[in-house]
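Worksheet: the structure to be examined is printed underneath.
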Amino acid sequence: MALTELLNIKYPIIQGSMAAISKHELVAAVSNAGGLGVLTSVGFTPDSLRQELGELRYLTKKPFGVNLMLQQPNINDLLPVLITNHVPVVFTGAGTPAPFMDSLLNAGIKVIPVIPNVKIAQKMAEIGATAVVAEGMESGGHIGTETTMTLVPQVVNAVDIPVIAGGGIANGQTIAAALAMGAAGVQMGTVFLAAEETPISDYYKKLIVAAKDTDTTVTGSGANRVRSLKTPMIEKVLELTQQHAEPEKIAALTDHSLAKAIDGDVVNGSFMAGQIAGVVDAIKPAAQIVEELWRDAMIELTTTSRTWLP
Ligand SMILES: Cc1cc2nc3c(=O)[nH]c(=O)nc-3n(C[C@H](O)[C@H](O)[C@H](O)COP(=O)(O)O)c2cc1C
C-alpha cells in the first residue's frame, strides 16, 4: 500500500520531529499542505502535551504524528495522553518501542520507529511497526553511523513494511533519489528549520540559509553523536574532546545548548542541522516548501536535463 494511502496524506513527505521545535504551528502547516507534520513531545508534561494537541487540532483536521524520544524520562506519563487523544501516528526514536507497541497498535495508532540499521529495522518489523524511517548520519540532531545512500536500499531489501528515507534530503533531486532507492516516502528536518512557521529565532533560520555543504560537524560519541553547524562553541567542544577534557567541562558547554540556539543565543547555542543545509536557500512558508519539494521531485523523476546521460 502506498504510504500516502496508509497515512491518509497527499504527499509522502514527512516533517521529522525536532526536539522542542516542531510544535503545533509547524506541524499544522505541513499537515494542511498535504505532508505529515510530526509534533515533538520533548519537554512536555502530560498537561502541556494535551494542551499542545488541542492547539494542533484547532489548526488542522489532517493526520499528524507525535514523536516519542525514548530517552525522555516521562514516556509512561505521556503514553496515555497519546492514546486517549487518538493520535494518528507515533514516531519513536532513541530506543525500542517494544514495551508499549501493543498498547499503541491496539488503540489504532500507527507506530513508525526511526532506525539506524538493518538489524533494528527487522526487529521493528517483527514487533508490528507500521513502517520505519531509515535515517542516515547526514541528518541533523542525533545521528547513527550509516549513510542514507547505503542504509535505505539495504533496509528496503530486508523488510516487508514501507521504508521512509531520512537524512540528507531537502530538494527534488534528493527526494527522487530516495524514491529510486525504494523508499516509500521521505522524512526531512533541516529544510523545515527554515519554514516561516518554525518557532526558532530568525538567527537560527538565517544560519541554515547561509550554510554550505561543509558547514556541519559531529560532536559526542556512541548514542550521543549530534550533528550541528560548526560554530565557535562547537569547535571548542571538538577541541576539548580531542584533549580528553573531563566530561563535565564539555557538558557545561553542551547542556541546554539546543534551547539556547532556539532562543538565538549566538555564542552558546548548538544549532543542530543536517549536511543538506547547503541546498536550503530561503525562509518560506511550510506549505510552499512541501509543494515545491514534491513538484521538483516529480520533475526529477519524469524528465532529464542531465546532458551527459547516454
Ligand atoms: C534540530 C533538530 C532536532 C531534531 N530532533 C529530533 C527528535 O527530537 N526526535 C527525532 O526522532 N528526530 C529528531 N531530529 C531528526 C529529524 O526528525 C529528521 O529525521 C532529520 O532531520 C532528517 O534529516 P535532515 O536533517 O537531513 O533533513 C532532529 C533534527 C534536527 C535538525
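The values are calculated or read from the model by the stated rules, or taken from the named source; none is laboratory data. Just so it is clear, the model here is predicted, and its values are computed rather than measured. A quick note on method: Cβ atoms are made from the backbone with ideal geometry, for glycine too, and the neighbour counts reach across all protein chains shown.
Report whether or not residue 44 is among the aromatic types (Phe, Trp, Tyr), surrounded by 24 or more Cβ atoms within 10 Å (Cβ to Cβ), within 24 Å of residue 113 (Cβ to Cβ) and at pLDDT 95 or above. For residue 44, the condition - among the aromatic types (Phe, Trp, Tyr), surrounded by 24 or more Cβ atoms within 10 Å (Cβ to Cβ), within 24 Å of residue 113 (Cβ to Cβ) and at pLDDT 95 or above - is not met.
Where helices (runs of 4 or more DSSP H) fall wholly inside the stretch 243-310, no range has 3 or more residues that are of a type in the set (S, T, N, Q), within 14 Å of the ligand (Cβ to nearest atom) and within 23 Å of the chain's Cα centre (by Cα). Report the residue count in the stretch 99-122 for those that are closer than 24 Å to residue 185 by Cα and either in contact with a helix residue (DSSP H, G or I) (Cβ under 8 Å, 6 or more places away or on another chain) or of a type in the set (Ser, Thr, Tyr) (or both). Within the stretch 99-122, residues that are closer than 24 Å to residue 185 by Cα and either in contact with a helix residue (DSSP H, G or I) (Cβ under 8 Å, 6 or more places away or on another chain) or of a type in the set (Ser, Thr, Tyr) (or both) number 11. In the stretch 177-207, how many are in contact with a Ser or Thr (Cβ under 7 Å, 6 or more places away or on another chain) and either of a type in the set (A, V, I, L, M, F, W, C) or more than 25 Å from residue 232 (Cβ to Cβ) (or both)? Adding up the residues that qualify gives 1.
Looking only at residues in the stretch 106-125 that are part of a helix (DSSP H, G or I) and not aliphatic (A, V, I, L, M), which one is farthest from residue 142 (Cα to Cα)? Ranking the qualifying residues of the stretch 106-125, first place goes to 106.
Residue count for the stretch 1-55 satisfying the condition of being more than 12 Å from the ligand (Cβ to nearest atom), assigned to a loop (DSSP other than H, G, I, E, B) and among the β-branched types (Val, Ile, Thr): 2. Of all residues in the stretch 126-137 being within 16 Å of the ligand (Cβ to nearest atom) and either among the acidic types (Asp, Glu) or not in a loop (DSSP other than H, G, I, E, B) (or both), which is surrounded by the most Cβ atoms within 10 Å (Cβ to Cβ)? Among those that are within 16 Å of the ligand (Cβ to nearest atom) and either among the acidic types (Asp, Glu) or not in a loop (DSSP other than H, G, I, E, B) (or both), it is 134.
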